[in-house]
Amino acid sequence: MAVNYKRKLNKKKIIIFIMSILLLFIVIGFVYFLFNKDEVIAILDSEVHTIEETDTYTLKIDYPIFHIKEVDNKVKEYVDKRKKEFIDVVDKIDYELTAKYDFLLNVTSSEYNDIINIHMNTLSYTGGAHYMRDDESIHYNKKTKQFMNLSDFFIDTEAFNKIDDLAYHYIMKLNLKSEKYNFSEIWVRRGIIPNALNYSHFTFKKDGLEILFPPYQIASWADGEIKITIPYSDLNELLKDEYKGSEKEDEKVVLVPEIRDLSKYEDKKLLAFTFDDGPNTSTTSLLLDNLDKYDAKVTFFVLGSRIDAHSEVLQRAYLEGNQIGSHTYNHQNLFVIDNTTILKEINDTNEKIKEVTGEYPKLIRPPYGNTNSEIKRLSSLSTVLWDVDTLDWKSRNAEKVCEEIMKSAHDGAIILLHDIYESSVNGALMAMDKLSKEGYAFVTISEMATLKNRELNNEETYYNFK
Ligand code: ZN
């Protein structure tokens, strides 16, 4: 009896032991889950977007977080400084405004060869003929943990001093290629003298060294920013070994997007979900990852200034059958800029979209919905606005976004959202989940027009397809 009792006790101990091990695994699993989840949030949380709207001004700031202290500090310093300057001006207004003041700060970045290239651009409108512009760039070497100037990539000063002849050659080539430029030789020569300031905005890319010259540096305001790319075939002999690039040119591939059979949507109620202000790698990807669940295609109105840094996700959106429209280059208020600048805002975006998708956009949504017959004439694109405004940029709350959509959804509606916010993406997906059960299908603007037997033209403004 005594022995038996002991055995029973041992059995009990073993069971407790096994249970403890199991419990431990569950706890480890849970902690791992939490940890993983945190990481996802951190990736999605890699951009800061601010919109402020008052009676006197609108302010829009977008910048990424790099999770490198010295880099993030520099970016934050720039943002705070520019914002303070603007607010100081606004605070002094003591007269009636003819047009709202406007502040647009956009930070774009790219990474190549362990170098993070960051370009910070501010456009502020405080009256007058055009926006004021400010540019600043940072180049950070992740390996050496140092900030770099362009000359640091060159063998020595003598090599760097040859940059102006190369720059001159490629600027003049642009001049020959395009009728829109009419560069003055003295102006160009003055703006390309080899020094750190003249060459602060550069990016080494797969096909060469891209240099950006902001307006006024080598040409007039009307000529806008000028970008050239010096190929590695001209550069390699001047660069340090570790920065030399491949001289082979990449073959261009023809892109064929997914096309779907629209006949199965003929009896459905239709909704066009539209997303402005992107592309944005993390949040746009999140949306694309989930559209198939609802057999949905959507329309993106993208900013030209964001395309270089988020080109991969834009190409994916296009290839998966979504429609890409223009939201102009810098999100300026088209009512307060001259026609030359309006044209540039539109044309530069068209070119950027074509670079990534292989085709020009057919649609435009001007920032703030500001359009008129003159802007339409200049763009020669179909103007698409919206009739369901989710105010997603204000609420930043997925449930609220979903609620707004559910409240106003109707056959033929165009819904305004912004895919730079995770909350907007999640809200849209929540609404799609509910609406698909109510007999709705989700289509692009062009698909909607086809299904509603409407031919898109450049004179009308499309708020919906009732
Ligand atoms: Zn916008």
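Nothing in this text is a laboratory measurement; each read-out follows from the coordinates by a stated rule. Quantities reported herein were computed from a predicted structural model and do not represent experimental measurements. No Cβ is skipped: glycine too gets one built from the backbone with ideal geometry, and neighbour counts run over all protein chains shown.
General observations
- Sequence ranges 57-66, 115-124, 422-431, 226-235, ranked by mean other-Cβ count within 10 angstrom, highest first: 422-431, 115-124, 57-66, 226-235
- Charge sum, other residues only, whose C-beta stays under 14 Å from residue 167's C-beta, Lys/Arg counted +1 and Asp/Glu -1: 0
- Listed by Cβ neighbour count within 10 Å, with the fewest neighbours leading, 156, 433, 348, 55 appear as 55, 156, 433, 348.
- If you plug the beta carbon distance of residue 247 and residue 134 into 1/(1 + (r/R0)^6) with R0 = 45 Å, you get a FRET efficiency near 0.80.
- A crude spin-label estimate for the pair residue 70 and residue 91, with each label 7 Å from Cα along the Cβ direction, gives 3.3 nm.
- The order of the peptides 318-327, 283-292 by mean Cβ neighbours within 10 Å, most packed first, is 318-327, 283-292.
- Net dipole in debye of the stretch 262-462 [+1 Lys, Arg Cβ; -1 Asp, Glu Cβ; about Cα centre; nearest 20]: 180
- Contour minus Cα-Cα distance for residue 100 and residue 81 (0.36 nm per residue): 4.7 nm
- Fully extended contour minus Cα-Cα distance, from residue 54 to residue 261, at 0.36 nm per residue: 70.0 nm
- Taking 0.36 nm per residue of sequence separation and removing the Cα-Cα distance, the residue 240/residue 156 pair yields an extension gain of 29.4 nm.
- Helix 69-91 axis versus longest C-alpha principal axis of the chain: approximately 60°, rounded to the nearest ten.
- Per residue, the chain reaches -12000 deg cm²/dmol at 222 nm when only DSSP H runs of four or more residues are counted, each adding -39500 (n - 2.57).
- Over the stretch 45-148, Cα pairs under 8 Å with separation of 6+ residues give a relative contact order of 21 percent.
- Beta bridges per DSSP, both residues in the chain: antiparallel share near 60 percent.
- Net charge of neighbours whose Cβ lies under 12 Å from the Cβ of residue 58, counting Lys and Arg as +1 and Asp and Glu as -1: -2
- Each label point was placed 7 Å from the Cα along the Cα-to-Cβ direction; for residue 197 and residue 410 their separation is 5.9 nm.
- Ordering 102-113, 193-204, 296-307 by mean Cβ neighbour count within 10 Å, with the highest value first, yields 296-307, 102-113, 193-204.
- For the chain, the relative contact order is 12 percent, taking Cα pairs closer than 8 Å that sit 6 or more residues apart in sequence and dividing their mean separation by the residue count.
- Under the simplified labelling scheme, the residue 46-residue 113 pair shows an inter-label distance of 2.2 nm, with each label point 7 Å from Cα along Cα→Cβ.
- For the chain, the Kirkwood estimate of the hydrodynamic radius, built from every pair of different alpha carbons, is 24.9 Å.
- Leading residue at positive end of dipole, the chain (Cβ point charges), from 431, 229, 68: 431
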